[in-house]
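Notes follow once the structure below has been shown.
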Amino acid sequence: MDKVSSRTSGDPEKLNDTSSSVSSASPVTLRDVDPVLEKRIWRKLDLYILPVVTMFYLLSFLDRSNIGNARVAGLQPNLKMTNKQYSIALTVTYVPYIVAELPSNLLLKAVGPNLMLPTMLTLWGIVTTLQGVVKTYHGLLACRFFLGLFEGGVFPGLVLYLSFFYPRQKLQWRVSAFFSAASISGAFSGLLAFGIIKMNGVGGRPGWAWIFILEGLFTVVFGVLSYFLLPRSPAHARFLNSDEKDYIVSALKRDGATGTNDAADSFSWREVGMAFKLPQVWMLAIMFFFDGTILYGLAYFTPSIVQGLGYTASRAQLMSVPPFATAFVVSMIGAFVSDRYRCRGLVTIFASILAVIGFAMFLKSTKHKIQYASLFFSITGTYLAAPSLSTWSANNAAPYTRRATAIAIGFIMTNSGGILATWLLGSLSPAPHYILATRILLSFAIIMGVFAGLNTWYLWDQNKKKEVIRASSTIEQEKPGLGDRSAWFVYAL
């Protein structure tokens, strides 16, 4: 292994070394691996892990947000719900969702993601299906509560799960790949709803009920299959040979994505507390709240917004597809740029600018065509920002428990924003103009961009200070257990 001084050069990959024992973690050292082997390893993970994770989040977002499509298809009048009651139904989902996120993330490694994630998927699929047979508003409330409880740990759990396999600078493209399922589900949900509501009257049930039943049953089937599809960790991946497994472990340790020993990544209440003390965690938490408010507002209310522009219910389902499809394409391009040029902050700032443009267009114009066009900016900006923030959070906290807690804090704030969104667009700001909601979401998009700039500056400043420390000391002189506070841990900007 090279001396520490050789690892403090300008190479960002080398700067992420956190221990002189890294290359001894396995018989395969990173210097000995040829590019063909490396390419094969990441391709295997992308082929075996990424599609399953993507389907998880697609079904999660689809089953949570399809109530917006069901509303347009007649759910609200059928259950004799007021706008206030509809907002309450959405809020009931978020309360257990928020409560479940941190415990779920802390338990993920101990229980095993290969067991915990499929179980959550299967259970929320059952609850989604049951929404299609409810006869009363209170029955819907019960379903929404348990839907939130079982889904609560999914998104933070999936981000954490991917960090078990991918180094930090390879993570955003993968997070975006599965998070893009949210934008796909926004498009897919509209297409599905357009077809499914034609089943109105089949089996004596309204069309909106079949949206829940068919989409929920598919989730249950995939949930059962996923027990056989998700490996617990790289060491348990049957599609990898021993050299490939050793390489992944070495790559993660060298990158600083995992600890250099099992003790470093074991559970500790101290590390939970440390996550709450990180300035970058709280700056990101503020951005998560703002982006979550915007994201869930658009996810739940886009069909209603489009319908308010003069389209029929079925046409509104179709017209909600193109903005989400555009968001998918842009978020994947943004993820590639972010990983390639290591610029999480700049991508987030760009995303906030897109959202600002979109909300400004919707607010200032009275022409329906321009208001519809504004959705391409606001939805795209919001769905581009979310995976950037998620990856940024996962990149800049270590070891495992601190990272798990930091990710959970971010998503607790995201879903707290979801509660605000349901009331903003559901009751406090009347359709079809949503003037108050648009003004607030516009201000949130602006502030999100400001905090992205502040967080980028803070992390850059911390990296400069760490560079000074590395120049005058060795890693052996450093106090153990610092995690991301180590001078040899370089923050992702």
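With the cut-off at 20 Å, tell me which of the pairs K253/K479; K253/K464; K170/K466; K39/K170; K109/K253 have Cα atoms farther apart than that.
In this structure, K253/K464; K170/K466 lie more than 20 Å apart at Cα.
Probe of 1.4 angstrom, ligands and nucleic acids ignored: what's the accessible area per residue over the chain, in square angstrom?
Computed with neighbouring chains in place, this is 38 Å² per residue.
Let me know the charge dipole size of region 34-256 about its Cα centre in debye, to the nearest 20, where only the beta-carbon of Lys, Arg (+1) and Asp, Glu (-1) is charged.
Details: 21 positive and 11 negative charges, 59 e Å.
Computed about the Cα centre, the dipole is about 280 debye.
Looking at L141, G292, Q172, which one has the Cα that reaches farthest to the positive end of the dipole of the chain (charges on Cβ: Lys, Arg +1; Asp, Glu -1)?
Farthest towards the positive pole: L141.
Within region 92-158, list the trypsin sites (Lys or Arg not before Pro) lying in a DSSP loop whose Cβ has at most 15 other Cβ atoms in a 10 Å radius.
Answer by residue number: K135.
Can you give me the angle between helix 400-423 and the longest principal axis of the chain, using Cα atoms only, in degrees from 0 to 90, rounded to the nearest 10?
Compared with the principal axis, the helix lies near 20 degrees.
Ignoring everything except DSSP H segments at least 4 long, calculate the 222 nm mean residue ellipticity for the chain; use -39,500 (n - 2.57) per segment, divide by total residues, nearest 500.
That comes out to -24500 deg cm²/dmol.
Using the Cα centre as the reference, give the magnitude of the dipole from point charges on the C-beta atoms of the chain (Lys, Arg: +1; Asp, Glu: -1; all else neutral), rounded to the nearest 20 debye.
Dipole size: approximately 940 debye.
In the neighborhood of T302, defined by Cβ-to-Cβ distances under 15 Å, what is the net charge if each Lys or Arg adds +1 and each Asp or Glu adds -1?
Values: positive: R64, R71, R315; negative: none.
Result for the neighbourhood of T302: +3.
Can you tell me the FRET efficiency between F267 and A142 if r is taken as the Cβ-Cβ distance and R0 is 35 Å, rounded to the nearest 0.05?
E between F267 and A142, to the nearest 0.05, is 0.60.
Can you tell me the dipole magnitude for region 187-339 around its Cα centre, using point charges on the Cβ only (Lys, Arg +1; Asp, Glu -1), in Debye to the nearest 20? Intermediate values should be presented prior to the final figure.
Numbers: 10 positive and 10 negative charges, 100 e Å.
Dipole about the Cα centre, nearest 20: 480 debye.
Normalised by the empirical 2.2 N^0.38 Å for globular proteins, what value does the Cα Rg of region 34-256 take?
So the Cα radius of gyration is 1.12 times the expected 2.2 N^0.38 Å.
Quick one: in region 376-493, what % of C-alpha pairs are over 26 Å apart? The partial results should precede the final answer.
Numbers: 2595 of 6903 pairs.
The proportion of pairs with Cα distances above 26 Å equals 38 percent.
May I ask for the angle, rounded to the nearest 10°, between helix 207-226 and the longest principal axis of the chain, with both axes built from Cα atoms and the value confined to 0 to 90°?
With both axes taken from Cα atoms, the answer is about 20 degrees.
I'm spelling it out carefully: the read-out is Rg and Dmax of the Cα atoms in Å, the candidates are (1) 22.8, 76; (2) 22.3, 69; (3) 23.7, 87, and one was derived from this structure. Which label?
Step by step, Rg and Dmax of the Cα atoms in Å for this structure corresponds to label (1).
If you roll a 1.4 angstrom probe over the protein chains with everything in place, what fraction of the accessible area of the chain belongs to carbon and sulfur, to the nearest %?
68 percent
Ordering L217, L50 by how much accessible area each has at a 1.4 Å probe, largest first, what is the list?
Correct descending sequence by accessible area is L217, L50.
Over all pairs of distinct alpha carbons, what does the Kirkwood formula give as the hydrodynamic radius of region 304-378, in Å?
Kirkwood hydrodynamic radius for region 304-378: 13.5 Å.
Write down the radius of gyration of region 281-423 and its Dmax, each obtained from C-alpha positions, in Å.
16.0, 52
Set the Förster distance to 22 Å, then compute FRET efficiency between H368 and L191 from the Cβ-Cβ distance, nearest 0.05.
It comes to 0.50.
The values are calculated or read from the model by the stated rules, or taken from the named source; none is laboratory data. What you see is a predicted model; the values in this text were computed from it and never measured. All Cβ positions, even for glycine, are placed from backbone atoms using ideal geometry, and neighbour counts span all protein chains on display. When the accessible area is computed, the model is the full protein with side chains, heavy atoms only, and any ligands, DNA or RNA have been set aside. Shrake-Rupley method; radii C 1.70, N 1.55, O 1.52, S 1.80 Å.
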